[in-house]
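Encoded as structure tokens, the structure appears first; notes follow it.
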Amino acid sequence: MEERQARDLAIEAALAADSTRAQGLKALDVSDRLPLADVFLLATGSNQRQVDAIVEAVEERLGKLGVRLRSREGRSGARWVLMDFGSLVVHVMHAEDRDFYALDKLWKDCPTVDLPGVVGEEPAMRAAVGA
């Protein structure tokens, strides 16, 4: 999967997550830092049930686009679910876990990917794209 396609899939995944009222949606271009992925999408759910709903929505939307889920980790506890779609890796985290693990800070040097049409996009990103 090329980087442009990974960005487009990140937007699709973000729209799916947004439909379940995910918060803090943020896409990071990690292509210069990691050989295994081009884009990370981060999403926050307020509770276990919402994390599950976000995961289901993302899998369903990307599945309809013919994108195969390579692996999924963490579904049983629904605190931090990682979905590997190849060049796109989606992290859906419970709010407390996202604060604790601070992936946003860990990958802060990576450029962000615009997520047009996404309501739950991280506020700092919305300001950066003029929304």
May I ask you to list the residues in the range 31-47 that are at pLDDT 95 or above and among the hydrophobic types (A, V, I, L, M, F, W, C)? V39, F40, L41, L42, A43
I want to confirm something. Restricting to the range 32-56 and keeping residues that are assigned to a helix (DSSP H, G or I) and out of contact with any His (no Cβ under 9 Å at 6 or more places or on another chain), which single residue is farthest from R7 (Cα to Cα)? R49
Of the residues in the range 87-102, those that are part of a helix (DSSP H, G or I) and surrounded by fewer than 20 Cβ atoms within 10 Å (Cβ to Cβ) number 6
Considering D84, D18, which residue is at pLDDT 95 or above and over 22 Å from V119 (Cα atoms)? D84
Pairs, first more than 18 Å from A37 (Cβ to Cβ) in the range 105-131, second modelled with pLDDT of 90 or more and aliphatic (A, V, I, L, M), C-beta under 6 Å, six or more apart: V118/A14; V118/L25; G120/A22; G120/L25; E121/L25; E121/L115
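Here's the yes/no breakdown for (1) under 16 Å from T20 (Cα atoms); (2) small (G, A, S); (3) out of contact with any strand residue (DSSP E or B) (no Cβ under 8 Å at 6 or more places or on another chain):
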position	(1), (2), (3)
T44	yes, no, no
V55	yes, no, no
L65	no, no, yes
G74	no, yes, no
V81	yes, no, no
Among the residues of the range 57-78, which ones are outside any loop (DSSP other than H, G, I, E, B), touching a residue at least 12 places away in the same chain (Cβ under 8 Å) and under 15 Å from E12 (Cα atoms)? A57, V58, E59, E60, R61, L62
Pairing a residue in the range 29-53 that is crowded, with 17+ Cβ neighbours inside 10 Å with any residue that is charged (D, E, K, R) and not in a loop (DSSP other than H, G, I, E, B), where Cβ atoms lie under 7 Å and the two sit 6 or more apart in sequence or on different chains, gives S31/E3; D38/E3; D38/D29; V39/R7; V39/D29; L42/K26; L42/D104; T44/R98
Evaluate the following for V30: is it touching a Phe, Trp or Tyr at 6+ places or on another chain (Cβ under 6 Å) and more than 19 Å from E96 (Cα to Cα)? yes
Would you confirm whether or not the range 22-30 contains a residue that is more than 15 Å from E121 (Cα to Cα) and either among the hydroxyl-bearing types (S, T, Y) or outside any strand (DSSP E or B) (or both)? yes
Considering only residues of the range 74-86 that are within 14 Å of the chain's Cα centre (by Cα) and surrounded by fewer than 20 Cβ atoms within 10 Å (Cβ to Cβ), which is farthest from D32 (Cα to Cα)? W80
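The values are calculated or read from the model by the stated rules, or taken from the named source; none is laboratory data. Computed from a predicted model, the values in this text were never measured in an experiment. Positions of Cβ are backbone-derived with ideal geometry, glycine not excepted, and every protein chain shown enters the neighbour counts.
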